[in-house]
Structures are given as structure tokens and as C-alpha cells.
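The values are calculated or read from the model by the stated rules, or taken from the named source; none is laboratory data. Everything numeric here is computed off the predicted structure, so don't read it as measured data. Here the Cβ positions follow ideal geometry from the backbone for every residue, glycine too, while neighbour counts run over all protein chains shown. SASA here: full protein model, heavy atoms, side chains in, ligands and nucleic acids out. Shrake-Rupley method; radii C 1.70, N 1.55, O 1.52, S 1.80 Å.
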Amino acid sequence: MARVEPVEIAEDGLVLRPWRATDADAVHRACQDPDIQRWTNLPSPYLPEHAHTFVTESAARQWANDTGAPFAIGDPATGELLGACGLIEIDRSARQNSEIGYWTAPWARGRGVAVRAARALARWSFDELGLRRLIWRALVGNHASRLVALRTGFRVDGLLRTTDPQRGRHDWIGSLLPGEVPAPGAVGPAGPGTLEARRAGVFGRAQPALFATAGTHELSLRPMEERDLDEIIATCRDPETLRWTTVPEGYQYADAEDYLAFVRAAWAAASSACFVIADADDRYAGSIDLRLSAADPLLADVGFMTAPHARGRGYQPAALAAVCAWGFTTLGLARIEWRANVGNVASRRVAEKAGFTLEGTARRALNHRGDRVDAWVGALLAEDLT
């Protein structure tokens with residue numbers, strides 16, 4: 001198969017072209033952006049000489065060695081640099097696969113630049129290079145890149161576990177095949193207004209704070225923080241918590257740290273949202289996990305625990321109702337399920353006060369410390385709040 005030669009690709013109001021020495025200043029300016037630095041493998045700090053080396057040497061070397069196809073994204077009318085999009089590590093043996101990478105300059109965001117460029121590059125890769133598959137990867141939590149990939153037609157297949165402990169996070173990974181690229185101008189998968197786009201907008205930002213009222217008490221529902229860990233330990237050592245949940249016995253500070261790391265990673269992965277219930281003094285009074293179903297995008301389930309000092313005050317029902325309302329209105333859920341071991345009357349009372357309807361008993365539905373136990377099952381529907 002012939003060598004990949006530098007070309008220009010004009011499509012959908014953009015031009016993808018080889019890099020030029022005159023791009024260095026714009027590249028340096030764009031790569032000062034915190035999001036580009038956060039989600040890519042750029043040197044930090046990113047200096048003018050890094051940009052100059054990239055546009056004059058590194059990019060040209062990829063073309064010359066037939067290992068990549070790096071493009072600048074330009075405005076065909078003004079020549080302004082809008083971003084970068086290219087193929088990384090083309091399979092040189094049979095030219096079957098390559099990985100795609102892209103970023104958008106801060107001054108060009110909100111205009112669909114990355115989606116249009118990625119579609120154009122994908123179409124060229126399949127039609128002109130004869131590639132049979134494109135791979136997309138991004139750090140878990142990079143919802144902007146994920147949304148671009150979905151709108152380009154990529155199917156996000158799962159997680160690629162990290163082999164670098166210093167890097168710390170896994171990658172999302174997806175693939176695109178010939179015939180799956182939407183036509184120029186088409187809305188395509190995960191278009192504006194879709195559930196996928198809606199949730200990317202939510203989980204791509206910092207977790208919000210919610211508010212609830214329990215009688216005369218004003219409660220805030222906020223992300224978990226390090227200062228909550230001592231109260232979490234006390235709650236997880238409480239006999240009633242141990243009786244009805246599966247928290248580790250002999251709960252230690254390391255367990256609480258692991259829990260904090262887990263809830264932060266789950267928010268980044270858009271798999272669940274954990275809210276701490278904080279009282280008027282901002283003291284931990286409990287927590288609620290809203291866990292999204294991997295199989296059904298309109299389904300979630302809840303788990304919660306209340307600090308011993310805050311029990312009997314109505315905090316948990318009020319907070320649970322607020323979190324569920326957020327799940328319906330912001331995440332577009334249709335059904336939220338609650339389960340508890342049969343006999344956990346306190347949990348059942350909280351769920352019913354929050355509006356859940358008991359639907360029955362599921363036999364041997366839960367694994368509780370090595371034993372299969374029966375569970376009460378209830379649900380709250382979006383229409384229950386109207």
C-alpha cells in the first residue's frame with residue numbers, strides 16, 4: 001500500500017491541512033488551556049519551543065515515517081487555526097487500524113469543530129487510506145472528547161485498564177468502522193438534546209450542590225470531601241449500619257479513603273452520583289448514592305446511610321426526595337429503584353416517606369455477607385413527582 005502523503009481535506013466548512021511553522025504561536029496559545037493540558041500528554045509547562053518543534057519537526061516526521069497523519073484544523077475563509085485532528089500510530093503492517101486524536105482551540109469551541117473535523121478525517125481514512133477501523137481513547141472523565149467521538153459515529157465499547165500507576169485512571173475506548181460515519185451536516189448519534197449529550201454536560205462539570213428542607217432544618221447535598229471521612233468511619237462502625245449493609249467490618253480510615261476515591265471516579269465515569277447530606281453546620285449527616293444502570297439508561301437505583309447522630313430527624317427522606325428529583329429532571333431518568341434486606345424497617349420508612357412505592361419481595365435477591373437474603377423492592381417513577 002502506498003505511503004500516506006500530506007494532503008488537504010476540505011469538508012463541512014473546515015480545511016484539514018499539514019502543520020506550518022506559522023502555526024506555532026497559535027498552538028502555544030491554545031495549549032495553555034487547562035482542559036487541553038488536563039486531558040492530553042503535553043509537556044507542562046508548555047513552552048513556545050514545544051509548539052515550534054511540533055509544527056516544524058514532529059508533525060513532519062510522522063508523515064515522513066508513515067506512522068501518523070497529523071492535521072491542523074483551519075477556517076478556510078480566514079486561515080485561523082481552530083484545532084488539531086489526526087491519526088496516531090497507523091498500523092504499518094497492513095494499514096488496518098489507527099487511533100484518532102483531536103483538540104479544539106479555546107476560541108473555537110461551541111461550533112462543532114472537532115466533530116466536523118473527526119468525521120472528515122474518518123471518511124478520508126476509510127475511503128483514501130483503506131483503513132478498516134479507527135480507535136478512539138480518552139481518559140475516563142473526558143466527557144467532551146467522548147461526546148465528540150459519539151457524534152462522529154464511534155461506538156464506545158468499554159474500559160481499557162491503565163498499566164501506568166502514575167497515570168492513575170483508565171481509558172474509555174471506542175471503535176468506528178467504514179460506513180458508520182454520519183454524512184456532513186447530519187445530527188448523528190448523541191446529537192444536541194439527546195440523553196447522552198445531556199449527561200455529558202452534567203458529568204463533564206463539577207458535581208453540583210442540591211438543597212432540601214426537613215421540617216425547620218435546611219440541608220445541603222454536596223460532593224463528598226476529605227473532612228467527611230471521620231464521620232463516615234463512625235457511621236460505618238455503627239452496629240445498625242453493619243447489620244443492614246455490606247460495608248467492611250472493622251472499618252478503617254483507609255476504607256473511607258477508598259470510598260472517597262470510588263465516588264469521585266464514579267462521577268467522572270458518569271456511572272453514579274454520591275451526595276453527602278450536610279446539616280446547618282455543614283457536618284456529615286449521611287450520604288446517598290444514585291447509581292445509573294449500565295443496561296438501561298433510564299434506570300437507576302439508590303443506596304443510603306444515615307449518621308447515628310442524625311437519625312430520627314427526617315433528614316434522609318427529604319434528601320432522598322431531592323436527589324431523586326434531580327435524577328429525573330437533570331439526568332432524564334424514568335425509574336429509580338430501592339432495595340433493602342427484608343426487616344430493614346428504617347430503610348423502608350425512609351423510602352416510603354420519599355415517595356417510593358413498595359412493589360414486593362424479591363426472594364434471595366441480595367448477597368449479604370456471604371448469604372443470599374430476601375429483599376424488599378420499591379420504586380419511584382418520574383410521573384410520581386407530577
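So here's what we get for this one:
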item: Accessible-area composition of region 264-308, carbon plus sulfur, in percent [1.4 Å probe]; result: 55
item: Whole-Å distance, taken between Cα centres, linking region 6-80 and region 125-164; result: 20
item: For region 11-19, Karplus couplings with θ = phi - 60° (6.51, -1.76, 1.60), whole Hz, Gly/Pro x; result: 7, 6, x, 10, 10, 9, 9, x, 6
item: Per residue accessible area in Å² of the chain, where ligands, DNA and RNA are left out and the probe is 1.4 Å; result: 49
item: Residue 61 accessible area, 1.4 Å probe, all protein chains in place, Å² to nearest 10; result: 120
item: For region 273-286, 3J(HN,Hα) per residue [Karplus equation, 6.51 cos²θ - 1.76 cosθ + 1.60, θ = phi - 60°, Hz, x = Gly/Pro]; result: 10, 9, 10, 7, 8, 10, 7, 4, 8, 6, 8, 4, 10, x
item: Pairs of Cα atoms farther than 17 Å apart, region 241-371, %; result: 63
item: Directionally averaged shadow of region 99-156, computed from the convex hull of its alpha-carbon atoms, nm²; result: 4.0
item: Sparse-neighbourhood loop sites, GluC sites (Glu not before Pro) in region 189-271 - DSSP loop, at most 11 other Cβ within 10 angstrom; result: 249
item: Pairwise label distance in nanometres, residue 385 with residue 361, each label 7 Å out on the Cα-Cβ vector; result: 3.2
item: Mean separation of Cα contacts under 8 Å (6+ apart) over length of the chain, as relative contact order %; result: 9
item: Degrees, to the nearest 10: 143-152 long Cα axis against longest axis of the chain; result: 60
item: Calculated log₁₀ intensity ratio I(q)/I(0) where the Debye formula runs over C-alpha points of the chain, q = 0.09 Å⁻¹; result: -0.65
item: Shape call, region 48-207: gyration tensor on alpha carbons, a/c limit 1.5; result: rounded
item: Among 314-326, 273-285, the order from most to least packed when residues are scored by Cβ within 10 Å on average; result: 314-326, 273-285
item: Estimated distance in nm for a label pair at residue 296 and residue 58, the labels positioned 7 Å out from Cα along Cα-to-Cβ; result: 4.7
item: Shape of region 5-103, Cα gyration tensor, a/c cut at 1.5; result: oblate
item: Point-to-point label distance, residue 253-residue 209, nm (Cα→Cβ direction, 7 Å offset); result: 2.7
item: Cβ-derived FRET efficiency at R0 30 Å, residue 161 paired with residue 198, nearest 0.05; result: 0.60
